[in-house]
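In what follows, a structure is listed as structure tokens, so that the remarks can point back to it.
The values are calculated or read from the model by the stated rules, or taken from the named source; none is laboratory data. What you see is a predicted model, and the numbers here were worked out from it, not measured in a lab. No Cβ is skipped: glycine too gets one built from the backbone with ideal geometry, and neighbour counts run over all protein chains shown. Accessible surface is based on the protein model in full, side chains and every heavy atom, while ligands, DNA and RNA are left aside. Shrake-Rupley method; radii C 1.70, N 1.55, O 1.52, S 1.80 Å.
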Amino acid sequence: MGYENGALTEAVYYILLSLLEPLHGYGIMQNAERLSGGRVRLAAGTLYGALTALLERGWICAAQGEASLRKKEYVITEQGRQALREELARLRELVRSGETVMEGRI
Amino acid sequence: MRHVVYKCFTIGAYEKEEKWLNEMSARGLHLIAASAIRYEFEEGVRGEYVYRLELLEYLPSHPESAAYLRFLEETGVEQVASYLRWVYLRRKAGEGEFEIYSDLDSKIAHCKRVVAIATGVSVLLCITIATQLIAAVLQYPELIGGPVKAGKMLLPYLFSVTIPALAVLAATLVFVQVIIIPVRRASKRLAAQKKIME
């Protein structure tokens with residue numbers, strides 16, 4: 001299944017990366033901030049909107065387990081992993097293109 | 001110690017309202033209840049909270065809103081008050097910067113929800129204005145060149161009913177459209193930004 005070659009939003013990208021392990025909302029926010037060296041601060045409203053869209057799309061699902069009873073946890077699905085792989089390939093291409101063109105010019 | 005303050009903010013000035021609540025918090029007065037123009041504050045540690053206002057898609061009691069507010073709670077956001085679809089949220093300042101949205105799409109969608117209320121009210125006003133005009137014409141066909149109904153005085157009716165009613169309605173319509181201008185501007189600015197970045 002193709003993913004329309006669309007770019008993922010930064011929020012979605014960091015959510016999917018964070019959900020390779022089951023995690024709750026606040027954990028995703030902290031993880032995204034840590035991974036990005038403090039640059040990406042997902043606001044709660046944005047995060048909720050993205051999680052809802054990802055659940056509908058089937059890229060993530062609610063995690064089962066005891067921890068999830070207190071704070072709702074989410075985890076990535078196979079479809080989500082596939083989207084993440086394609087996004088990583090796309091990002092590599094972007095970096096390659098940039099480096100090829102910019103080399104020695106700035 | 002509790003303090004009650006009466007203050008009026010229009011729908012287009014929610015950012016000003018938010019700013020005011022944060023200034024109060026900086027002085028050690030934390031909002032604990034709000035409804036329309038009545039604000040109740042509790043004394044506490046200066047600058048302990050950051051306040052934000054949000055217009056929800058549904059009333060706070062709606063299951064979708066309840067699920068959203070529960071989610072916010074899990075991220076340390078507390079709902080202190082609500083008024084119709086508006087919710088007053090706060091988070092401890094020590095937990096870092098507090099915004100509801102970090103992406104342009106959600107910010108634009110929020111602006112549009114606010115503008116939609118003003119549009120809804122404006123449409124209602126337009127319908128009322130049209131009804132007034134139709135009523136006047138039905139009573140006095142000569143307004144549009146029809147025959148004069150016997151025994152009816154046009155001018156007193158126009159001056160005592162139609163014109164004052166239309167003036168009030170039109171003034172309200174203009175007011176509603178004017179107060180929403182800052183939100184429309186913000187929405188446009190964000191949409192322009194959206195064309196070149198996420």
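Looking at the stretch A:35-57, which of the residues that are open to solvent by less than 20 Å² (accessible area, probe 1.4 Å) and either hydroxyl-bearing (Ser, Thr, Tyr) or more than 21 Å from B:Gly76 (Cβ to Cβ) (or both) is nearest to the chain's Cα centre (by Cα)?
Filtering the stretch A:35-57 for residues that are open to solvent by less than 20 Å² (accessible area, probe 1.4 Å) and either hydroxyl-bearing (Ser, Thr, Tyr) or more than 21 Å from B:Gly76 (Cβ to Cβ) (or both), the one nearest to the chain's Cα centre (by Cα) comes out as A:Leu54.
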Could you tell me whether any residue of the stretch B:47-54 is at pLDDT 95 or above and loosely packed, with under 14 Cβ neighbours inside 10 Å?
no
Would you mind stating whether B:Leu59 is open to solvent by 80 Å² or more (accessible area, probe 1.4 Å) and at pLDDT 95 or above?
yes
What number goes with the only condition from (1) within 14 Å of chain A (Cβ to nearest Cβ); (2) touching a His at 6+ places or on another chain (Cβ under 8 Å) that B:Glu42 does not pass?
(1)
Out of all the residues in the stretch A:62-73, is one or more over 20 Å from B:Lys107 (Cα atoms), surrounded by 13 or more Cβ atoms within 10 Å (Cβ to Cβ) and hydroxyl-bearing (Ser, Thr, Tyr)?
yes
Given the conditions (1) part of a helix (DSSP H, G or I); (2) out of contact with any Gly (no Cβ under 7 Å at 6 or more places or on another chain); (3) open to solvent by less than 90 Å² (accessible area, probe 1.4 Å); (4) not hydroxyl-bearing (Ser, Thr, Tyr), report the number of the one that B:Lys152 does not fulfil.
(1)
